[in-house]
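Taking it in order: structure first as structure tokens, then the write-up.
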């Protein structure tokens, strides 16, 4: 074992014999592992015992631990919940975790509205809406919504629905909206349509089909042939979808079937969603940090992280093997489900066992396809970097590329973006945006100069911190192998000035990328460089430039929105900067505040009942 510092020895000697979470950090202060324990003293000290039989991953972890923190909680369940939140916050490299750090998309049905809309969202909020998901692909969500809209033509526009409009929009004419704006469907009828849509997503199609058949026959008997034809078409659409949904079992209720596939250091989890006996869909998720971790532990970590964000907790979760901490996980799932019991089981025979086997086969095939795709992508990235190196005459492939862009609206809320690609892939943890401070009006050249000046000042500061043993911001501590500014010679000239100020003009390669002809301009060269139209190098540069543009626009819209948010909230009596900040931290935006209940508003620090009611009336 490694020699322990006096600092660590002191912490180990004072650990409490109580349940809680422990946070391990390296010498730079980075959180590298989060764990929980029924007894903090016993669990944490076991890592540092001389004769402990640890695997290589744990030995590597222990060798890097320079500091420890711990948090005492009241129970093992509280420790489980705290551990999940800390892993989500810090994403420690030695923990098993979902590979994607994004919020997954959901289908949201806005039930609190008199005429509910159906949208896509990445955040679940307690606002009276129903959510379905998560999905791993936005494309899959929109494909589902396109299908639903043809069967249940729900509202998509922002009109105020009175039923008195003179004309509907085009969507009504092409049968993608039921026309509540002109009174073609009343509120009760529209509510039934939305209820049917939700039941359809829940897999409860038989009651819908039975009721529509009765309504179709009644309409025909009353000589309402157009209505009968619409109902017939709706029934046919539902039946076409239901035919594709494999009937698995005659049992009622919801089940999720989980399976795992492993290859090298990757793990792929396949989930089958069984709703009322039908296979409604499937998703796969990739786990990272799984090196030398047994299947049952990986699966346990997946269950905790997946069901933290799942819109539905099923009656049953079918597993290929027993999981770590099954009892406490089951207890946690019961609380997530509102007290109803969730069954975790490993089927040994029958249809349930066959389902797990089928999910396992799918997991193996999915992981194999992903590995093939990853290898192909890696080869493309290597080729792209080699082409860029050759075209620009660089001494080495540009493994770290930084690209900068400016976004504003007539000089308002100007924002600069910095995106970073490492080895041809986005390094989103290093992305940064800069709110322009010194430039008045729409001057992109001056704004670019400010952004780059601030970036390299932070590089200087990072060098000074490293010299005295202080951990710097890793986004600025390393110089780029290639710096790209979005624009032509004008932007390039400003970037050259900045590099010269920091004596980096002979160290950091620089190009300006002009969009019109996709030309690359280099300092001191009159002729531009144009990569072949279908080259991997050009595709990569375009992707980097587009990502910088997207990131700049996103930050600009947020900054511009805050100006509008501030003015709307400041107009509410009793809401100043402090309360405004607290409200936005809690609800994210004005829409979230507007939809919040009185109880949720009162839970925000500083918000009285009088202010809460003023918010509800003022933001209607």
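As a summary of the residue check, residue 44 satisfies the conditions (1) surrounded by 18 or more Cβ atoms within 10 Å (Cβ to Cβ); (2) closer than 18 Å to residue 290 by Cα except for the one numbered (2).
In this structure, is residue 174 without any contact (Cβ under 8 Å) to a residue 12 or more places away in the chain, out of contact with any helix residue (DSSP H, G or I) (no Cβ under 8 Å at 6 or more places or on another chain) and over 24 Å from residue 304 (Cα atoms)?
Yes: the conditions hold for residue 174.
Only one of the numbered conditions (1) at pLDDT below 90; (2) more than 20 Å from the chain's Cα centre (by Cα) is not met by residue 77, and that is (1). Count of region 179-234 residues, restricted to those that are part of a loop (DSSP other than H, G, I, E, B) and out of contact with any helix residue (DSSP H, G or I) (no Cβ under 6 Å at 6 or more places or on another chain), is 10. Among residues of region 441-476 being in contact with a helix residue (DSSP H, G or I) (Cβ under 9 Å, 6 or more places away or on another chain) and not in a helix (DSSP H, G or I), the one that is nearest to residue 31 (Cα to Cα) is 471. With respect to the conditions (1) in a loop (DSSP other than H, G, I, E, B); (2) buried (at least 16 other Cβ atoms within 10 Å of the Cβ), residue 131 lacks only one, and its number is (1).
Scanning for something assigned to a helix (DSSP H, G or I) and in contact with a helix residue (DSSP H, G or I) (Cβ under 8 Å, 6 or more places away or on another chain), does region 391-406 turn up at least one residue?
Within region 391-406, the subset assigned to a helix (DSSP H, G or I) is 391-392.
Checking the rest, the ones that are also in contact with a helix residue (DSSP H, G or I) (Cβ under 8 Å, 6 or more places away or on another chain) come to 391.
Yes: one or more hits.
The values are calculated or read from the model by the stated rules, or taken from the named source; none is laboratory data. None of the values given here were measured: they were computed from a predicted structure. Cβ coordinates were reconstructed from backbone atoms using ideal geometry, including for glycine residues, and neighbour counts include every protein chain displayed.
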